[in-house]
Structures are given as C-alpha cells and as structure tokens.
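J.: After the structure tokens below, expect a handful of questions from me.
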Amino acid sequence: MRIGIMSFAHHHAEAYIGNLRAIPDVEVIGFADEVAQRAATIAAQFSLRRFEDYRALLREAPDGVVICCENSYHRELVEMAVSAGVKNILCEKPLATTLEDARAILSAAESANARLMTAFPVRFSPPLNEVRTMIDAGKLGKILGCNATNQGENPSYIRDWFVDKRLAGGGAIMDHTVHVVDVLRWMFHSEIAELYAEGGDLFPAPGLKVETAGVLMISFANGLFVGLDCSWSRPTFYPTWGNVKIEFVGERGLAVVDVFGQRFTTYSHPERRPLWTPWGSDINQAMIDEFAASIREKRAPSVTGYDGLKAVEAVMAAYRSVHSHQPVKLPLA
C-alpha cells in the first residue's frame, strides 16, 4: 500500500509518518511541500523522499494520500488528488474553512468515486469508546447534557499560520470546535438543531487577528444540551498544547472522560517547564490504522467526508451567532 503526504504545514503530519511506518503493508513513498526550508528539514529529519511539487507526487499513482496543508488549501489539494485518480484521501481537520468549500470537496470525491476520510482522531480514544459503550447499554440512563472543553495554548508557536485568518479560517472556534462536535454527533446519532456562541480576543497576543476564546451552547435534535469551551486559554508554560475533556450527565450517573489522560509529567532544563508525556494508546495510530484498513478492504472509512462537512457547518453557525448575538438553527441554508 503506497501512501504519499501532501504538505507538512500542519504539525500532525510529523506524527503521521511514524504511524504510517508502523503498519507492515504500508510504504510511505514520500511527500511534497510548498515551503522549501520546511521540506528540506522534513526530508532530512525523517529520511523521506521529497518530490518537487504535489503533481510530481501524484504522478507516482499512490494508493492514498494524507493532506496536511493549511486549512484554506484543503479544497485545492483534495480536488488535485481526485483529478489525478487517487481513490483514498485522508484530509486534516477542519475539512474546509467555508461551507461552500466543504461541499465542493465532498462533491469532488463523490464524482470521482474516491473515499474521503476526515482526520478526527478523538473518535478513536479508548476511554471515550468505553463510555460510548456504557451509554449505548443504558448504564448511565438518558444523557441529559454534556460539559465539554477543548482548550489549549495559542498554537502560533507551533505554526504561525494558525493565527492567520486567511489560511486558518478563524481562531479557537475554528480550531477546537470540530473535534467535540464530531464526537457527540457520532456518539448520540443526532444532529445539531440550534447553536449559540460567544467569541472574542480574551487572550491577546501581538499581531493576532483571530478569536482566542469561544464558548458554545449546543442543542441537539434528540434533546441533548452541550456546553463547550474551545478557548486557547492555556498559558505558554502549560504542560500540554491541548486537551479534550467531556463530562456526561445522565439520569443514573456521571462519567468524565479525559481523552489525553494517559500521561506522566516530565521536567527538563531545555523546556524550562513541566510537560505531559503521553503513554499507552495512540489515537493518531488508531486513526491511521483505520485509513489503511479502509484502503486494504476497499470500503468507506468509519469517519467520512460528510462528518467533516457537518463539523464545518457547526463552526460556520458559531461564527454567525458570534456576529449576530442570536441562536442559529441548523442545518444552514
């Protein structure tokens, strides 16, 4: 199984190399990246073949590609891949920065009979799947509501394009809403009916032109009510770049899930701060395993492009609500 990587703009791509190489029947044929210095660094660091551009990579006819460019270029690279005949695509989240682009991405994949997967690794969290099993079995009774957080540091220290609205599409709301929305749609088999959001620059930084804070109140069609804090509220010396926690409030009990709870704390002189070092399950590995399995078995992946579209729709509804200060009903026209 021959896989290529299109862009290393998103830092998750660096982890995906190891995840792909850990699968026995997968060969990472190489990558292309439009930033020369970054491409040279990646090629040397990972001993990875570098193609001169995306089209040169696609001429190798890979069985699948992983797209990790800036958010606003997802449509361009997906359309380029399907036009070249690639039948399996894993695209980083959010799927797009506008609803129009998200719909165009789905249309392009469907027209070419290509299988499109959105990179939502949180779905593959073992603790979260355990709670999903408990909920499906009725052990918590009817779930009345959820308190959720996906907080983190301002990601500009990792990649500066995360705070460039033209490339990222937005700030904390764009970056951190999609994971939790996707997980809850999947767990409860229901769609969002109404959403209210507030957002703003509560945690300012020089030159920042995107929102750093966001709080969403989400009502699902099945009656579930969710409060979500998606803010970049952690200081630069916090032990981790991000976290996802969900509290499920049921009639018969309460379950609290910390998706990245398998960790220990390390201290080092170079970092000059404590760091949470993960151990145990690797949700990125589980997601990449599923992508490879869908190629091997010639089937749709368990996380689809449509899932990516619905998460983008929630983000667009949140921005409409922030600007209007009114609840927004979904689906959006």
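The values are calculated or read from the model by the stated rules, or taken from the named source; none is laboratory data. Only a predicted model underlies this, so the values are computations on that prediction, with no experimental measurement involved. Glycine also receives a Cβ, built like all others from the backbone with ideal geometry; neighbour counts cover every protein chain displayed.
J.: Does Ser83 satisfy the condition of being over 27 Å from Tyr157 (Cα atoms), of a type in the set (Ser, Thr, Tyr) and not assigned by TED's automatic domain parsing to the domain that holds Lys165? Steps first, answer last, please.
T.: Values: over 27 Å from Tyr157 (Cα atoms): yes; of a type in the set (Ser, Thr, Tyr): yes; not assigned by TED's automatic domain parsing to the domain that holds Lys165: yes.
In short, yes.
J.: Moving to a separate point now. Given the criterion surrounded by fewer than 20 Cβ atoms within 10 Å (Cβ to Cβ) and more than 15 Å from the chain's Cα centre (by Cα), identify the matching residue among Ala81, Ala109, Ala56.
T.: Ala56
J.: Among the residues of the range 59-78, how many are out of contact with any helix residue (DSSP H, G or I) (no Cβ under 7 Å at 6 or more places or on another chain), in contact (Cβ under 8 Å) with a residue 12 or more places away in the chain and surrounded by fewer than 24 Cβ atoms within 10 Å (Cβ to Cβ)? Walk me through it before giving the result.
T.: Keep residues of the range 59-78 that are out of contact with any helix residue (DSSP H, G or I) (no Cβ under 7 Å at 6 or more places or on another chain), which gives 59-62, 73, 76.
Those still in the list that are in contact (Cβ under 8 Å) with a residue 12 or more places away in the chain too: 59-62, 73.
Checking the rest, the ones that are also surrounded by fewer than 24 Cβ atoms within 10 Å (Cβ to Cβ) come to 59-61, 73.
Matching residues across the range 59-78 total 4.
J.: Which ones in the range 172-225 are of a type in the set (Lys, Arg) and closer than 17 Å to Ser324 by Cα? Before you say what the answer is, go through the steps one by one.
T.: Step one: filter the range 172-225 for residues of a type in the set (Lys, Arg), giving 185, 209.
Correct list: empty.
J.: Follow-up. From Gly253, Gly305, Gly261, grab the single residue that is surrounded by 16 or more Cβ atoms within 10 Å (Cβ to Cβ) and either in contact (Cβ under 8 Å) with a residue 40 or more places away in the chain or not hydrophobic (A, V, I, L, M, F, W, C) (or both).
T.: Numbers: Gly253 fails: surrounded by 16 or more Cβ atoms within 10 Å (Cβ to Cβ); Gly261 fails: surrounded by 16 or more Cβ atoms within 10 Å (Cβ to Cβ).
Unique residue meeting the criteria: Gly305.
J.: Do you know which residues across the range 15-53 are in a helix (DSSP H, G or I), of a type outside the set (S, T, N, Q) and exposed (fewer than 13 other Cβ atoms within 10 Å of the Cβ)? Talk me through it step by step, then tell me what you get.
T.: Quick first cut of the range 15-53, residues in a helix (DSSP H, G or I) only: 15-21, 36-46.
Applying the additional criterion that residues be of a type outside the set (S, T, N, Q) yields 15-18, 20-21, 36, 38-40, 42-44, 46.
If the condition is that a residue be in a helix (DSSP H, G or I), of a type outside the set (S, T, N, Q) and exposed (fewer than 13 other Cβ atoms within 10 Å of the Cβ), then Ala36, Ala40, Ala44 are the ones that fit.
J.: Check whether at least one residue in the range 122-131 is touching a strand residue (DSSP E or B) at 6+ places or on another chain (Cβ under 7 Å), at pLDDT 95 or above and not assigned by TED's automatic domain parsing to the domain that holds Phe8, and report yes or no. So that I can check it myself, show each step before the final result.
T.: From the range 122-131, those touching a strand residue (DSSP E or B) at 6+ places or on another chain (Cβ under 7 Å) are 127-128, 131; that's our starting set.
From the residues that got through so far, the ones that are at pLDDT 95 or above too are 128, 131.
Retained after the next criterion (residues that are not assigned by TED's automatic domain parsing to the domain that holds Phe8): 128, 131.
Yes, some residue in the range 122-131 is touching a strand residue (DSSP E or B) at 6+ places or on another chain (Cβ under 7 Å), at pLDDT 95 or above and not assigned by TED's automatic domain parsing to the domain that holds Phe8.
J.: Here's another thing I want to ask about it. Where residues in the range 207-226 are under 18 Å from Glu194 (Cβ atoms), more than 19 Å from the chain's Cα centre (by Cα) and of a type outside the set (A, V, I, L, M, F, W, C), which of them is surrounded by the most Cβ atoms within 10 Å (Cβ to Cβ)?
T.: Ser219
J.: Related question: What's the number of the only condition in (1) without any contact (Cβ under 8 Å) to a residue 60 or more places away in the chain; (2) assigned to a helix (DSSP H, G or I) that Val131 fails to meet?
T.: (1)
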